[in-house]
Amino acid sequence: MSETKSPASAALGVDAPRHEPAYVLAFDTANEVIAIGVGVLHEEARAVELVAHAEIEARRQSNTQLIPRIDALLAENGIARGEIACVCVGRGPGSFTGVRIAMATAKGIASALEVGLVGVSSLDAVAWDVWEFGARGEVAVVADAMRKEVYPVRYLVDDAGAHRLEADRVVKADLAAEELVECDTTTPGASDAGAPEAGRHTPCSNSPRCAAELRAEHAARPQELSCSGELVVASLPGQRLLLAGDALKKYRDLFAPCGEVLPENTWTPTGAGLLLALQAAWRSGECDPFDAVRHNPAFALPVYTRLSDAEENERARAARAAREGAAREGEAKPGVPDANLRTGVQDAEAVAHPSLVHSLAGKASAYEETSPAHHATLHEQSILVAPPDEQGVSYKPLDVSHVGCVAALESRIMGSDAWNESLVADEIPRRDRTWWAAYASEGKPGEVGTLVGYAGGWVVDGDVQILKVGTDPAWRRRGIARELLAHVAADARNLGAQTVSLEVRAGNEGAQALYKALGLTPVGTRPRYYSDREDALIMQGDLAALVGATDPAEESSRLVAGMELQVDASHDVQATAVGAAGASRPLILAIESSCDETAAAIVDGEGALASDVVASQIDFHARFGGVVPEIASRKHIEAICGVCDECLEVAAKNLGMKSLRWRDLSAVAVTYAPGLVGALVVGVAFAKGAAWAADVPLIGVNHLEGHLYANRIGCPDFTPPAVVSLVSGGNTMLVHMKGWGDYETLGTTIDDAVGEAFDKVAKALGLGYPGGPVISRYGVKGDPRAIAFPRAMMHSGDLRFSLSGLKTAVVTYINGEREAGRELNVPDICASFEAAVVDVQVTKAKRALDMTGARTLCVGGGVAANPVLRASYEKMCSKAGVRLVLPPLSACGDNAGMIALVALDRFRQKKFFSFDFDAKAHVNLDEPY
């Protein structure tokens, strides 16, 4: 660990004596180095006095080292947790996992300390490190983005500080090198240009402007006051571009021709650089470290510069589908360029190619689409029908195959300002656009639906300009425009946008009222903007207001990150046990984030759940037919503060307390394994930060053990021994529960889990995601004996399972029926598939009971909610004289209540985790921990 005492104090003009200092804690883990800084906040001067900093090579160990290193640095300098008045975190861009570790940890610390969380750019911190190093001139910070890509940002570094010249973006390394060679300040003609205006952010465009252009733009102002009030000294004409950033570790030879490579100690953020970046933001008015309301930890997000892999692949398939469809029709689609694979999204529509028939039957608003029979597979990456909401409306990325529908609706509602089909076709696949559409349907298999709305945005210079918003008149006043804008805003936010802007007719008071309700305000007018010479009112606002926007009149419960919170849903039986009399100690808050639910619960010393809150991400994964790990991790970051805040608030109410704060808790618990690592990391890092800041013990919980404990939610008197059938999207196993914490796995699946099989069969049928509930709904209407699907390994003599052969048999049957020209009997297929799965599960569970002699059978996991499985287990147990214990339906899926119950037992046994543990994708349930 390296540490420095106040080297920048003189340079920053700070010499006032400390009196009850207010400290700021800053840290960054965007790359392979952990950077930590501690400073004193001087409110009157808006200055940060550096106390100490440390930089540690982490090498993918940030989550294990960050909290111990923070604790050590504070201890060495005699600083208590309670003296921290603000937390500052590097937002990236950088390693996805690294950025989220820092962000989640910072959210946990700031939440528990009840202080503000200010995010700064990790690249800005590097630029300020270059300033402190003493380099002056044009600087390019080039950070590693993996995939042979980099994050390149240029700055002007002068005596006043580091001034950003462009916004964050991600590009291929070789392309970035070419651009920087062209933008080198030694370019002929650049030597007689002036310096950029100090402190002014000149955002980048899609075609980055070279340094010579930027200087020429400000040639009339060679010297200006910086935000700190100091004079800017223009960089010397013809000076070479200076290079810093961790991408140089990989690409030094590639970038060497671009300019002068600075020493390696300037390539990654330092604690001092973070504090200098914070000070600059404070002095420019971008932040106020003392304003905890303005800087609520829930508001802080990482820097996003691209979509998830699934969304990028979706765009690639959309472009391929458009080209193939045009080729089949023997003509090219007018104005349809290749889709960009980096920005915006279009749905793949695996079976909906441009050759689909667009019929305008009757009214012009009835745009029905039908699709030809297609060959089903288990690996389709998107689905035909996104799950409709309660109004029967589905929201999906707009695909080029729908341009005719959009143009027709556009003509009806936009009049003379409508775009024609060629303009729409040209717009949708462009590099920097994001378009969404709303479809009304009955949710039938294979049904695309009727287009009832669309919206599109153009992401440029950190702003998303709303290009179009249209809703069928017959479908207005149903919140469709709000929902479409929320989807466009979410994509734009993930592409780096922070603000939103649009034009609206000066006389359209209804639309203006909607936009004002979404946080946009008028900022000017464009005279005679429209074809009929009517003025356009320009409106702008914070993009965050649009993400997850809903109609307040229709909002039935609190929303967090666009997800409706399910409060106290998993413990209906226990909810009555907690009242105004309060709860016995301990009080433990547990966090669950192993997959696609962000959950938090509080349990008291009697094992009663005081609150249990879940935010499900299903709607964000549905169109992909399964959980997308990258999206799951992003949504956890967005939701975790709001979920925990709601959990504390609900618990306080149920306990009859005025408030319940982190410092009032006895411990913090978290699921540490197994699950999606990117999802687990968020929960683990947040829990570490909160437990450390609240100075309470930290408890790690095995997610699978949580599903065993879920049976106590509906049956508090349940005790082992028992056999447990654990069936979920990721697990299928039989466990002999000899005692709490004493488990023996009797058999597991050798390939796919039951829940995964349900999802893939539903995908092959085009039914949507998640597959379990929808297959159950159709199966109720079908004959379980209609199709003789195989019962794999039912008579294998052991307790192992296999689902792969059954899935293949179902898909083979589907394709056979289609090839024969017969209409699929979806209810019979679902019922027969369901029966094949359940028969094997019940048969092997009975065998496990016989082998162990256990007289109780329990069920756990999401598939435990399947009504056919539950009924079959009831029938078997009744016949065998065995007690059946089932968790409440709402406790079958992932929830934090079950994690809290495990944590209570581990608290009593003093089985605490140290702060250097990490999340794990796989663990053995049988092994003690």
*Of the residues that sit in the range 875-900 and are part of a loop (DSSP other than H, G, I, E, B) and among the hydrophobic types (A, V, I, L, M, F, W, C), which one is surrounded by the fewest Cβ atoms within 10 Å (Cβ to Cβ)?*
Val882
*Would you pick out the residues in the range 32-45 that are crowded, with 19+ Cβ neighbours inside 10 Å and charged (D, E, K, R)?*
Glu32
*From (1) modelled with pLDDT under 95; (2) in a strand (DSSP E or B), pick out the condition that doesn't hold for Arg154.*
(1)
_Residue count for the range 534-568, restricted to those that are at pLDDT below 70, more than 21 Å from Val488 (Cα to Cα) and either polar (S, T, N, Q) or crowded, with 18+ Cβ neighbours inside 10 Å (or both)_ = 2
*Matching residues in the range 573-611 - criterion: being modelled with pLDDT of 90 or more and outside any strand (DSSP E or B)*: Pro586, Leu587, Ser593, Ser594, Cys595, Asp596, Asp604, Gly605, Glu606, Gly607, Ala608
*Search result, residues across the range 831-874 that are more than 21 Å from Val780 (Cα to Cα) and part of a helix (DSSP H, G or I)*: Thr843, Lys844, Ala845, Lys846, Arg847, Ala848, Leu849, Asp850, Met851, Thr852
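Yes/no matrix, rows are residues, columns are (1) in contact with a Lys or Arg (Cβ under 7 Å, 6 or more places away or on another chain); (2) crowded, with 20+ Cβ neighbours inside 10 Å:
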residue: Val724; (1), (2): no, yes
residue: Thr745; (1), (2): no, no
residue: Thr748; (1), (2): yes, no
residue: Asp751; (1), (2): no, no
residue: Val754; (1), (2): no, yes
residue: Gly768; (1), (2): no, yes
*Look through Ser659, Ser666 and report the one residue that is at negative phi, in contact with a strand residue (DSSP E or B) (Cβ under 7 Å, 6 or more places away or on another chain) and surrounded by fewer than 20 Cβ atoms within 10 Å (Cβ to Cβ).*
Ser666
*Only one of these conditions is not met by Gly510: (1) in a loop (DSSP other than H, G, I, E, B); (2) within 20 Å of Gln465 (Cα to Cα); (3) modelled with pLDDT under 90. Which number is it?*
(1)
*asked:* So for the range 819-830 (the condition being assigned to a helix (DSSP H, G or I), modelled with pLDDT under 95 and more than 21 Å from Leu726 (Cα to Cα)), does at least one residue qualify?
replied: yes
_Just checking: which of the strands (runs of 3 or more DSSP E) contained wholly in the range 389-463 hold 3 or more residues that are closer than 30 Å to Arg533 by Cβ and touching a residue at least 40 places away in the same chain (Cβ under 8 Å)?_
450-460
*Spot the failing condition for Ile829; the list is (1) out of contact with any strand residue (DSSP E or B) (no Cβ under 9 Å at 6 or more places or on another chain); (2) within 20 Å of Leu889 (Cβ to Cβ); (3) crowded, with 20+ Cβ neighbours inside 10 Å, and only one is missed.*
(2)
_Residue count for the range 749-782, restricted to those that are in contact with a Pro (Cβ under 8 Å, 6 or more places away or on another chain) and in a loop (DSSP other than H, G, I, E, B)_ = 7
_Being surrounded by 17 or more Cβ atoms within 10 Å (Cβ to Cβ), at pLDDT 95 or above and either out of contact with any strand residue (DSSP E or B) (no Cβ under 6 Å at 6 or more places or on another chain) or under 13 Å from Val842 (Cα atoms) (or both) is the requirement here; does Ser914 meet it?_
no
*Considering only helices (runs of 4 or more DSSP H) fully contained in the range 668-732, which possess at least 2 residues that are small (Gly, Ala, Ser) and in contact (Cβ under 8 Å) with a residue 60 or more places away in the chain?*
677-694
_Unmet requirement for Ala104, which otherwise passes all of (1) under 30 Å from Arg154 (Cα atoms); (2) crowded, with 24+ Cβ neighbours inside 10 Å; (3) touching a strand residue (DSSP E or B) at 6+ places or on another chain (Cβ under 9 Å)_ = (3)
_Can you say whether Glu646 is surrounded by fewer than 23 Cβ atoms within 10 Å (Cβ to Cβ), under 30 Å from Glu927 (Cα atoms) and in contact (Cβ under 8 Å) with a residue 12 or more places away in the chain, as far as the supplied structure shows?_
no
*Of the conditions (1) closer than 24 Å to Gly700 by Cα; (2) modelled with pLDDT under 95; (3) surrounded by fewer than 23 Cβ atoms within 10 Å (Cβ to Cβ), Ser728 clears all except one; give me its number.*
(3)
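The values are calculated or read from the model by the stated rules, or taken from the named source; none is laboratory data. Only a predicted model underlies this, so the values are computations on that prediction, with no experimental measurement involved. When we count neighbours, we look across all protein chains shown, and the Cβ atoms used for this are built from the backbone with ideal geometry, even at glycine.
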